[in-house]
Amino acid sequence: MPTHHVMWWTLVKILSAVTFYSTAIEPRFVARNDERAVIPNLPAAWAGKRIAVFADMQVGMWWANTDAVRRAVRDVIAAKPAFVLIAGDFVYNADSSVVDQTNEVVRLIQPILDDSIPVYAVLGNHDYSLMNEHSAQENYVAHRVAEGLAKAGVHMMDNRSSVLTAPDHGADTLYLVGVGEKWAKDDHPDDAFAAVPSAAPRVVFMHDPDSFVKIPDGAAPFAVAAHTHGMQVGIPYISDYLWRHYFSDAGMGVEGWQHPHGDTVNTVYVTRGIGFSVVPARLHAFPEVTIFTLTAR
């Protein structure tokens, strides 16, 4: 066989193997990442408690990664968290099937609710059927997703705060702050933080990490976001560079801990999420469930 035919056949085999791995193998595993969340003024009753975070389920995407969602749900329940945060993108291209997709989402997360673990959520861009940024204030899809989740028992937190009480310690409270979706032009930190005392301990979450830069310095010592999927192809250094320079308006990184604009107080953790967008593949960007242990320092 001529040399160039051998090289071509070798390339075909390599590409076939990579395609198979990135579509059929890696997306079906869920990485559990354990992290510490430092929250100033955290009450003693909350210290050591755990919270679980996941996002980007994208139910409705062709070849949707629902098997990984089920694994993520099992991991969450096994961690026995005080509460769960789901940071948006429940559905995908749901204009004509939003009710069915939302019902499927509820079925997938129902075991968490059945275990009496409180679940809090914000919407993502796909929950507005947005593939780019524009105003979507009166959005049928987003309304139905939020309505369906709330009816199931999920606490919707877009641009809201809530006071959480530690189990068996009624006086030891923690604020939870949710920020709305950036692409829908519904991320309003001023509204979200309006009822939060300046020194109160708080957990902050949002879908798009670019929303984080709108939060005043010092207001979010610990926050979480999603949206990036780890770019679905996690090439070391290159994926982060591409995300910062071509996909993030604020220069945010693609995953992990971020300290934007040199702020030494505000900190956000960006999760890779679970599902897909555009292409049903992940390579070196495993679906992620993150378990945070709360600590005062």
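Which residue pairs have Cβ atoms under 7 Å apart, sit 6 or more places apart or on different chains, and have a first residue in the stretch 17-46 that is farther than 30 Å from residue 220 by Cβ and a second that is part of a helix (DSSP H, G or I)?
If the second residue must be part of a helix (DSSP H, G or I), the pairs left are 27/68; 28/67; 28/68.
Among the residues of the stretch 100-125, which ones are free of Cβ contacts under 8 Å to residues at least 60 places away in the same chain, of a type outside the set (D, E, K, R) and either in a helix (DSSP H, G or I) or closer than 24 Å to residue 185 by Cβ (or both)?
Across the stretch 100-125, the qualifying residues are 101, 102, 103, 105, 106, 108, 109, 110, 111, 112, 113, 121.
Checking the structure you have, find out if any residue of the stretch 257-269 is assigned to a loop (DSSP other than H, G, I, E, B) and in contact with a Lys or Arg (Cβ under 8 Å, 6 or more places away or on another chain).
No.
If a residue has to be on the phi > 0 side of the Ramachandran plot and touching an Asp or Glu at 6+ places or on another chain (Cβ under 7 Å) to count, how many in the stretch 37-54 make the cut?
0
Could you look through the stretch 61-86, keep only residues that are crowded, with 21+ Cβ neighbours inside 10 Å and in a strand (DSSP E or B), and pick out the one that is farthest from the chain's Cα centre (by Cα)?
Ranking the qualifying residues of the stretch 61-86, first place goes to 61.
Could you look through the stretch 80-124, keep only residues that are in contact with a helix residue (DSSP H, G or I) (Cβ under 7 Å, 6 or more places away or on another chain), more than 21 Å from residue 173 (Cβ to Cβ) and small (Gly, Ala, Ser), and pick out the one that is modelled with the highest pLDDT?
Top of the filtered list is 88.
Does the stretch 38-48 contain any residue that is under 27 Å from residue 22 (Cα atoms) and assigned to a loop (DSSP other than H, G, I, E, B)?
Among the residues of the stretch 38-48, not one is under 27 Å from residue 22 (Cα atoms) and assigned to a loop (DSSP other than H, G, I, E, B), which makes the answer no.
Kindly list the number of the only condition in (1) within 22 Å of residue 76 (Cα to Cα); (2) modelled with pLDDT under 95; (3) part of a helix (DSSP H, G or I) that fails for residue 141.
Failing condition for residue 141: (1).
The values are calculated or read from the model by the stated rules, or taken from the named source; none is laboratory data. This one's a predicted model, so the numbers in the text were calculated from it and none came from an experiment. A quick note on method: Cβ atoms are made from the backbone with ideal geometry, for glycine too, and the neighbour counts reach across all protein chains shown.
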